[in-house]
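K.L.:
I have a structure here, written as structure tokens, and I will follow up with some questions on it.
Every number here is computed from the coordinates shown, using simple stated rules; none is lab data. Since we're looking at a predicted model, the values are computed, not measured. Here the Cβ positions follow ideal geometry from the backbone for every residue, glycine too, while neighbour counts run over all protein chains shown.
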Amino acid sequence: MSNATLSIPVHKTTQSRLPGLDINNLPFGKVFSDHMFVADYADGVWHRAEIVPYAPLSMSPASSVMHYGQSIFEGMKAHRSDNGDVLLFRPLENQKRLNRSAHRMAMAEVPEEIFMEGLDELLRLDQNWIPGGDGRSLYVRPFLIATDDYIGVKASDTYKFIIITTPVGAYYDHPLRVRVEKKFFRAVEGGVGYVKASGNYGRSLYPSALAKHEGYDQLIWTDARDHKYVEESGTMNLMFVIGDTLITPQLGDTILAGITRDSVLTLARDWGMKVEERKISVDEIVDALQQGLLVEAFGTGTAATIATITTIGYEGKDYDLPQINENGFARRVNKALDNIRRGRIEDPHNWVHRVC
Ligand code: COI
């Protein structure tokens, strides 16, 4: 496919499911909009990009994604501004990260024009699925899977790139109790923790289920070698406010380069806050908690945006954080991001992409 603007054939559904949507009951990721974007890669080129009604895929049981896990994904949110525009937050960052994931997983990369034009066309068509109201949005899930009909172990020669969308409410409806994990790990130096490989999420489910069984919402992952340094929490990047400093683990092989993470750090720096990206030991967190210096802890991610942490469990003891401060950093940055994403305040970093 050339770099010229694509002309994407659109096959519309004959029966929209929108009238059946109950926006007061939006469990995350269970209801999907009417259409999806699909593009296929074969013989070294992308071809057959089209929009079709949302429907099951028909695939060979030998498709390599089902056997060797060449599967990567992205997540972003579309909002409608007060004057009716359809807005996406930093979608090009998702496109670039998808391709970093593709590179690491030996998959075909998705060109910018396919990613962006597929996204724009799909959102223009399904824009009425963007639910109005605070905390609600249309979550957009682009993903790339290997489709070779072959169970020999090798990088696939064929791929499918798909975008689906799902109207969502808040990802978490309460502040989180998290536990420091010291047996299992999420990512390892030299591994794939820094990319959005589906396997990173699959491998986390069993340890997370154990934590849920113990009454926690999520885990705090620690480094695979010594379980000494904190890395991420659940599916989110992790941030702490200690004294007047915002601290988060620095990027590397084991930390996902979160777009919300970057946006929060950028706003904090804009606001003149001290920001440190560095290793943070569990001992440092526990010391800061005991001395009353740990003011806030939260996770950042596209789905959750900012998820406040109320309790950190470590070696059988629960440490409670101070009561949530309505004027604290987490609340302020959450509000600012929401206002930028909805086009309500100035967007000094040009983060917002207007679809239509
Ligand atoms: C996101 O925040 O978009 C994520 O990737 C988390 C997701 C697995 C729900």
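K.L.:
Quick one: of LYS274/LYS335; LYS77/LYS182; LYS182/LYS279; LYS77/LYS196, which pairs are farther than 25 Å apart, Cα to Cα?
P.N.:
On the way: LYS274/LYS335 20 Å; LYS77/LYS182 33 Å; LYS182/LYS279 16 Å; LYS77/LYS196 16 Å.
LYS77/LYS182, as the Cα separations exceed 25 Å there.
K.L.:
Looking at the square roots a ≥ b ≥ c of the eigenvalues of the Cα gyration tensor of segment 147-238, which shape do they give, rounded for a/c under 1.5, prolate if a/b is larger than b/c, or oblate? Display every interim value, and only then the final one.
P.N.:
Working: a/c = 2.42, a/b = 1.40, b/c = 1.73.
Because a/c hits 1.5 or more and a/b fails to exceed b/c, segment 147-238 counts as oblate.
K.L.:
Sticking with this structure for a sec: Packing-wise, with mean Cβ within 10 Å as the measure, how do 53-61, 247-255, 145-153, 116-124 rank, highest first?
P.N.:
116-124, 247-255, 145-153, 53-61
K.L.:
How far apart, in nanometres, would the label points at GLN291 and TRP271 be if each is projected 7 angstrom from Cα along the Cα-to-Cβ direction?
P.N.:
2.4 nm
K.L.:
Given R₀ = 45 Å, what would the calculated FRET efficiency be for THR245 paired with TYR150, taking r from the Cβ atoms and rounding to 0.05? Walk me through the intermediate numbers first.
P.N.:
On the way: r = 52 Å, r/R0 = 1.15.
Computed FRET efficiency for THR245 and TYR150: 0.30.
K.L.:
Treating only the Cβ atoms of Lys and Arg (+1) and Asp and Glu (-1) as charged, compute the dipole magnitude of the chain about its Cα centre; round to the nearest 20 debye.
P.N.:
Computed charge dipole of the chain: roughly 320 debye.
K.L.:
Pairs of Cα atoms under 8 Å, at least six residues apart: use those to get the relative contact order of segment 200-252, whole percent.
P.N.:
Values: 48 pairs, mean separation 11.1, N = 53.
Contact order relative to length: 21 percent.
K.L.:
Just want to confirm a number: the relative contact order over the chain, from Cα pairs under 8 angstrom separated by 6+ residues, in percent.
P.N.:
Result for the chain is 18 percent.
K.L.:
Contact order normalised by length for segment 48-156, with contacts defined as Cα pairs under 8 Å and 6 or more residues apart; what percent is it?
P.N.:
That works out to 44 percent.
K.L.:
Would you pull out the residues with amide H under 5 Å of ALA49's amide H, same chain only if 5 or more places away, H placed 1.01 Å from N?
P.N.:
Correct list: ASP40.
K.L.:
Sticking with this structure for a sec: Determine the distance separating the Cα centre of segment 13-83 from the Cα centre of segment 119-149; give it in Å without decimals.
P.N.:
Going from one Cα centre to the other spans 7 Å.
K.L.:
Rounded to the nearest 500 deg cm²/dmol, what is the calculated helix-only ellipticity per residue at 222 nm for the chain, with -39500 (n - 2.57) per DSSP H run of length n ≥ 4?
P.N.:
-6500 deg cm²/dmol
K.L.:
Apply the a/c threshold of 1.5 to the C-alpha gyration tensor of segment 1-142 and tell me whether it is rounded, prolate or oblate.
P.N.:
The shape class here is prolate.
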